[in-house]
1. For the subset of the range 102-114 comprising residues that are among the β-branched types (Val, Ile, Thr) and out of contact with any helix residue (DSSP H, G or I) (no Cβ under 8 Å at 6 or more places or on another chain), which member is surrounded by the fewest Cβ atoms within 10 Å (Cβ to Cβ)?
2. Residues that are surrounded by 15 or more Cβ atoms within 10 Å (Cβ to Cβ) and without any contact (Cβ under 8 Å) to a residue 60 or more places away in the chain, at least 3 per element: which helices (runs of 4 or more DSSP H) completely within the range 134-247 meet that?
3. Has the range 250-265 got at least one residue that is outside any strand (DSSP E or B), modelled with pLDDT under 95, not charged (D, E, K, R) and not assigned by TED's automatic domain parsing to the domain that holds residue 153?
4. Of everything in the range 56-81, what is surrounded by fewer than 12 Cβ atoms within 10 Å (Cβ to Cβ) and part of a loop (DSSP other than H, G, I, E, B)? Give them in sequence order.
5. Taking residue 251, is it crowded, with 18+ Cβ neighbours inside 10 Å, of a type in the set (A, V, I, L, M) and closer than 30 Å to residue 86 by Cα?
6. Check the range 9-28 and report whether any residue there is in a strand (DSSP E or B), under 30 Å from residue 139 (Cβ atoms) and modelled with pLDDT of 95 or more.
7. Specify the residue that is nearest to residue 10 (Cα to Cα); the eligible residues are those in the range 82-101 that are among the β-branched types (Val, Ile, Thr) and surrounded by 17 or more Cβ atoms within 10 Å (Cβ to Cβ).
8. Of the residues 174, 124, 162, 185, only one is touching a Pro at 6+ places or on another chain (Cβ under 6 Å) and modelled with pLDDT of 95 or more; which?
Amino acid sequence: MKSDFAVIGGSYAGLAAALQLARARRQVLVVDAGRRRNQCVDDHHGHAHGFLTQDGRAPGAIAEEARTQLRRYPSVQWLDGLAEDARVAADGRLEFRVGAVTVSAGRLILALGVRDELPPVPGLAERWGRSVFHCPYCHGYEMDRGRIGIIAASPLAQHHGLMLPDWGEPTLFLNGTYAPGDEELDAFARRGTRVEPTPIARIEGHADVVLQDGRTLAMSGLFTQPRTSLSSPIAAQLGCAMEEGPMGPFIKVGPMQDTSVPKVFACGDAARAAGSVTLAVSDGAMAGLGAHRSTMV
């Protein structure tokens, strides 16, 4: 199967990239394995926030409407499945396999997404996307200025400790992860963040933190710092340069979302240190524009 452009990943970033190419009347193939990062929010009947005109909608509904609109363009093809075995062919085209189908594209956009690895606290993963989150801008408002628990997974927790007082009354549970220095403790005190050194036994109820000394602290919600990894080895197979971010590695890109590999672009959570639906759509649109403009050079 040949296409002018191929987009690997049919979530927000990939859809936004493909839309720009479709509107440029270019042939574009979207390959999607159906592994949207915020699927857990839909699973818990939650909502996306902070995305202009879509605030409060279910993430799956936003993605489904975007897919429906995109597939109305006659130059768009859609292929369900997992992209594997990517390489740069001898003629400079980008090739990969989806099941028994070999795809050859003139330009390739990687909207691969990432996987989240949560700290190993019993009961935490079951509440991910329902009462446990990582982005205050996405979910902090819904805490309604209540008690917010921050479960430290790394020293990155200090940023949550300093940010979240704008959304409620935070308690930073160190959980044996790291020991804040005196300057950090002073900053937490100025911001009104309480620090709890007692390790966590488990999470119960909506967001109740049960400590190993027997105390239970009820919270309106919990925030933590997942470790992220790319959801596909495609970028590594192609030789794309990577950067190490505070949450995990991501694909290094230029101003037009171009990677270190000619004719390969990347966008979304896989190509930035931290992301959201809004940022994914913005990066995806830029990747589509960048890929299209690269054909004019």
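1. Result: 102.
2. Answer list for the range 134-247: 157-163, 182-191.
3. For the range 250-265, residues outside any strand (DSSP E or B), modelled with pLDDT under 95, not charged (D, E, K, R) and not assigned by TED's automatic domain parsing to the domain that holds residue 153: absent.
4. 56, 72, 74
5. The answer is yes for residue 251.
6. Scanning the range 9-28 turns up no residue that is in a strand (DSSP E or B), under 30 Å from residue 139 (Cβ atoms) and modelled with pLDDT of 95 or more.
7. Here the answer is 98.
8. Result: 174 is the single residue among 174, 124, 162, 185 that is touching a Pro at 6+ places or on another chain (Cβ under 6 Å) and modelled with pLDDT of 95 or more.
The values are calculated or read from the model by the stated rules, or taken from the named source; none is laboratory data. Everything quoted here is computed from the prediction, not taken from an experiment. Positions of Cβ are backbone-derived with ideal geometry, glycine not excepted, and every protein chain shown enters the neighbour counts.
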